[in-house]
Amino acid sequence: MEKLERPTNLKNQVVLVLRKSIIAGELKSGEQIVEAKLAAEMGISRGPIREAIGVLEAEGFLTRVGGMLTVTTLTHKDIYEIYSLRSVIEGLAARIAVEKFTPGDIEHMEKILGKVAELGPTADGTAAVASTLAIHRFIMDKAGHRRVLDLWLNLNMQLKMLASMVMSHDTVTDSFAKHNKLIQVLKSGDPGAAEQAMRDHIMDSWRIVEKQLGNTGL
């Protein structure tokens, strides 16, 4: 674990370091988290560690059972609930946003998607994550529904825990095609079609995950 400098808010720094370690798989699913050990590794007191742990528990990255704190293990049911709820949230956002899109907004999403195409067909799906997530975030922001956005941000934190498993089994070509199809529907300006297209888009990702879960035994 990397040593920390002493910025004005150590808690936030600890949150970023631990979250990154969990997403990258350096702290593995089910691994026990010990405050004293983390404090020693980072060269800081236990106070900021304890505060950061509270944030990560609220985000779903850490789980406390009895007196033991561990990196969250997501079950098949957990992951299905994340994707199915995300499909509803993003579907609603797409329904609201589609009537607000300007030609410039569509062009902006297509420009982001162009960055995915530039990666080339030999790159794996993980390389496209930042760009495709930016498209989804743009739609969420355009909807202008603060509470829906808050729910989405919380779910996306949990989805990042799955990214290495999911996106390593998707290609850049596939990712481009799926998001291009979605954008074409958004161009129509039809709220019902936009909502359904988004829900189908998210649940297609779930089906990819479900196949992987069958191989991992989760």
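Listed values, structure above:
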item: Matching residues in segment 112-145 - criterion: being at pLDDT below 90, small (Gly, Ala, Ser) and part of a loop (DSSP other than H, G, I, E, B); result: Gly120, Ala123
item: Where Gly189 falls short, out of the listed (1) modelled with pLDDT of 80 or more; (2) part of a helix (DSSP H, G or I); result: (2)
item: Residue within segment 77-91 that is within 21 Å of the chain's Cα centre (by Cα), aromatic (Phe, Trp, Tyr) and either under 28 Å from Lys181 (Cα atoms) or part of a helix (DSSP H, G or I) (or both) present; result: yes
item: Residue in segment 13-35 that is part of a helix (DSSP H, G or I) and more than 22 Å from the chain's Cα centre (by Cα) present; result: yes
item: Options Val71, Val34: the member that is more than 30 Å from Gln212 (Cα to Cα) and without any contact (Cβ under 8 Å) to a residue 60 or more places away in the chain; result: Val34
item: Test: residue in segment 93-103 that is in a helix (DSSP H, G or I), at pLDDT 95 or above and within 18 Å of the chain's Cα centre (by Cα); result: yes
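Residue-wise test of (1) in the same structural domain as Ile139 (by TED's automatic domain parsing); (2) of a type in the set (Ser, Thr, Tyr); (3) closer than 20 Å to Glu195 by Cβ.
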| site | (1), (2), (3) |
| --- | --- |
| Gly60 | no, no, no |
| Thr63 | no, yes, no |
| Gly66 | no, no, no |
| Tyr83 | yes, yes, yes |
| Ala94 | yes, no, yes |
| Ala97 | yes, no, yes |
| Thr102 | yes, yes, yes |
| Gly114 | yes, no, no |
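The values are calculated or read from the model by the stated rules, or taken from the named source; none is laboratory data. This is a predicted model, so every value here is computed, not measured. Virtual Cβ from ideal backbone geometry, glycine too; neighbours counted across all protein chains shown.
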